[in-house]
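Participant: This is the structure I want to talk about, given as structure tokens.
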Amino acid sequence: MPVLPGAEPYRHEGGETGVLLCHGFTGSPQSLRPWARYLAERDLTVSLPLLPGHGTRWEDMAVTAWPDWYAEVDRELRLLRERCSRVFVAGLSMGGALALRLAARHGDAVSGVVVVNPAIKVHGLSAYALPVARHLVRTTRGIASDIALESAAELGYDRVPLHAAHSLRSFFRLVDGELPQVTQPLLLLRSLQDHVVPAVDSARVLGRVSSTDVTEILLEQSYHVATLDHDADRIFAESLAFIDRLAPRVGEEGTTAGG
């Protein structure tokens, strides 16, 4: 199936510092493209891949599982490591869980982690019903476009395939067990109003990682897809400041986050 317009992957060859951006479950690179471009315009090397089964139609996602999604970001990280001296991983929602697992498994190859409204658990009674329900019902209603900004919209599926959701639940359990292996500096940005991922997920991440350099920033004007919402500019600037603090670029010391 052709990729939906706007859902295409994004790559930019910049300087020696690389950033891997991971989009969320049933979403696409469209939700992170402004962030990717912001970093690219400041001479960072950026990779924003399209996860398998995403960006086309939900039927394509129904035949994929978490190993497919993780393998894609793992491959992109390895390519960035060949090109860059320092690499950071970042993600929104499930993309945050992908980024955290990359950090846990790759150790010193990852210089820092940035997560926005990270998801780490499938909540509610529906989570317990998934093992059986996925054989009886193919999909449930979508979770895309939880955005306060009226002029913005997320390009994501309007249905969630339950086979993929069941795999997501397994992935979250795996990542939760690996959080203590995350030792890198961590920047976590969380929306005060999020109708998709509850605040307890961020609290779980902050409470279980082994990182000693940890910053939490509260986003007061945005919902779940904060990278397209009122606080987007703040996310972009704070992430750049975080990266520049840990991997200062030649000639960039003292430069503001806005470039």
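Participant: Return the FRET efficiency for the residue pair D213, V3: r is the Cβ-Cβ distance, R0 is 41 Å, and the value is rounded to the nearest 0.05.
Facilitator: 0.65
Participant: Please report, largest first and rounded to whole Å, the three semi-axes of the ellipsoid equivalent to the chain, where each semi-axis is the square root of five times an eigenvalue of the C-alpha gyration tensor.
Facilitator: Rounded to whole Å, the semi-axes are 28, 19, 18.
Participant: Then there's this: For a quick check, take a GNM of the chain with Cα springs below 10 Å and name the residue from G27, G14, G112 with the largest mean-square fluctuation.
Facilitator: G14
Participant: Got a sec to turn the phi values of the stretch 183-200 into Karplus ³J(HN,Hα) couplings, 6.51 cos²θ - 1.76 cosθ + 1.60 with θ = phi - 60°, whole Hz, x for Gly and Pro?
Facilitator: Running phi through 6.51 cos²θ - 1.76 cosθ + 1.60 with θ = phi - 60° gives 10, 6, x, 10, 10, 10, 10, 10, 6, 5, 10, 9, 9, 10, 10, x, 4, 4 Hz.
Participant: So for each of 202-208, 53-59 I average, over its residues, the number of other beta carbons within 10 Å; can you give me the resulting order with the highest mean first?
Facilitator: 53-59, 202-208
Participant: At 1.4 Å probe radius, can you tell me the per residue accessible area of the chain in Å²?
Facilitator: 43 Å²
Participant: Shape of the stretch 42-114 from its Cα gyration tensor (a ≥ b ≥ c, root eigenvalues): rounded if a/c is under 1.5, otherwise prolate when a/b > b/c, or oblate?
Facilitator: prolate
Participant: Could you work out what % of the accessible surface of the chain is carbon and sulfur, using a 1.4 angstrom probe and leaving DNA, RNA and ligands out of the count?
Facilitator: 51 percent
Participant: Let me ask something else. Of T212, T17, T64, which has the largest mean-square fluctuation in a 10 Å C-alpha GNM of the chain?
Facilitator: Of the options given, T212 has the highest mean-square fluctuation.
Participant: Continuing with the same structure: Please figure out what share of the DSSP beta bridges in the stretch 138-259 is antiparallel and state it in percent, rounded to the nearest 5.
Facilitator: Of those bridges, close to 35 percent are antiparallel.
Participant: Hey, what angle do you get for helix 94-106 against the long axis of the chain, alpha-carbon based, 0 to 90 degrees rounded to 10?
Facilitator: Once rounded, the angle reads 60 degrees.
Participant: Based on DSSP H runs of at least 4 residues, each adding -39500 (n - 2.57), what is the mean residue ellipticity at 222 nm of the chain after dividing by all its residues, to the nearest 500 deg cm²/dmol?
Facilitator: -11000 deg cm²/dmol
Participant: Sticking with this structure for a sec: For a quick check, take a GNM of the chain with Cα springs below 10 Å and name the residue from I243, I120, I143 with the largest mean-square fluctuation.
Facilitator: Result: I143 has the largest fluctuation of those listed.
Participant: I've got another one for you. Which of the peptides 185-191, 81-87 is most tightly packed, and how do the rest follow, judged by the mean count of other Cβ atoms within 10 Å per residue?
Facilitator: With the highest mean Cβ count within 10 Å placed first, the list reads 185-191, 81-87.
Participant: If you don't mind, there's one more thing I want to ask. Which angle between 0 and 90 degrees, to the nearest 10, do you get for helix 66-83 versus the longest principal axis of the chain when only C-alpha atoms count?
Facilitator: Between the helix axis and the principal axis of the chain, the angle is about 10 degrees.
Participant: What is the antiparallel percent of DSSP beta bridges lying wholly in the chain, to the nearest 5?
Facilitator: So the antiparallel bridges in the chain amount to around 20 percent.
The values are calculated or read from the model by the stated rules, or taken from the named source; none is laboratory data. What you are looking at is a predicted structure, and each value in this text was computed from that prediction instead of being measured. FYI the Cβ positions are ideal-geometry reconstructions off the backbone, even for glycines, and counts take in every protein chain you see. Surface accessibility is based on the protein's heavy atoms, side chains included, excluding ligands, DNA and RNA. Shrake-Rupley method; radii C 1.70, N 1.55, O 1.52, S 1.80 Å.
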